[in-house]
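The values are calculated or read from the model by the stated rules, or taken from the named source; none is laboratory data. From a predicted model like this one, the values you see are computed outputs, not experimental measurements. Cβ: placed from backbone, ideal geometry, glycine included. Neighbour counts: every protein chain shown. Note: accessible area is taken over every heavy atom of the protein model, side chains too, but ligands, DNA and RNA are not part of it. Shrake-Rupley method; radii C 1.70, N 1.55, O 1.52, S 1.80 Å.
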Amino acid sequence: MNRVVFFDRDGVLNVDIGYLWSKEDFVWMAGAVETIRSFNERGWRVVVVTNQSGVARGYYQESDVQALHQWMNEELTKQGAHIDSFFYCPHYPQAVKPEYAMACDCRKPQPGMILRGLAEWQADPADCILIGDKEFDVQAATAAGVKGYLFDEANLLDFVRKNGIF
Ligand SMILES: [Mg+2]
């Protein structure tokens, strides 16, 4: 069976500056690359689940989100790490772009992205965890049957060790 670690992106893997889309503004969170690599080496699947309502709000395009994620994996690969898959939610009920204005099943605290990740990797939720920095991340995990951890520290690797994840 596959084990999946789900990461929220902004505020967990990178510093949350609000509606980040450009690699020029991207700063890895302390310990993030090492943490991803450690999960890779232990055979976990690493999956990002990120709300990106900046698309619906017209701040940036889906192609910007996809390009940033591709760039993240290129940077990780240089350091012997990788993310196995990315899920993002571009929706927002009050979107300025009508095609994104909906009450979707993927915007956290809805569990849609996590459920899709579990299906993609054929993983039992009981074997999986999520690390997020907002209460709605943990709520989404709980709704999917996944144990959620609220990251509230400066260094992700310290947090993972302190919580006995490995
Ligand atoms: Mg976050």
Write down the Kirkwood hydrodynamic radius of region 36-147, to one decimal in angstroms, obtained as one divided by the mean of 1/r over all alpha carbon pairs.
14.8
Using helices alone, what [θ] at 222 nm do you get for the chain, with -39,500 (n - 2.57) per DSSP H run of 4 or more residues, divided over all residues and rounded to the nearest 500?
-9000 deg cm²/dmol
If you roll a 1.4 Å probe over the chain with all protein chains in place, what percent of the accessible area is carbon or sulfur?
48
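Let's see if you can work this out: charge +1 on each Lys and Arg Cβ, -1 on each Asp and Glu Cβ, no other charges. What is the dipole magnitude of region 76-128 about its Cα centre, in debye to the nearest 20?
300
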Dipole magnitude of region 7-124 about its Cα centre, charges +1 at Lys/Arg Cβ and -1 at Asp/Glu Cβ only, in debye to the nearest 20?
160
What figure in square angstrom, to the nearest 10, would you give for the accessible area of SER63 with a 1.4 Å probe?
70
What accessible area per residue comes out for the chain, rounded to a whole number of Å², with a 1.4 Å probe?
46
Dipole of region 87-166, positive end: most advanced residue of ILE165, PRO98, GLY145 [Cβ charges, Cα centre]
PRO98
Mind checking which lysines have their Cα closer than 18 Å to the Cα of LYS162? Skip sequence neighbours fewer than 8 apart in that chain.
LYS147
What distance in nm separates the two pseudo spin-label positions at VAL15 and GLU62, each 7 Å out from Cα along the beta-carbon direction?
3.1
Largest first, how would HIS91, HIS82, HIS69 line up by accessible area (1.4 Å probe)?
HIS82, HIS91, HIS69
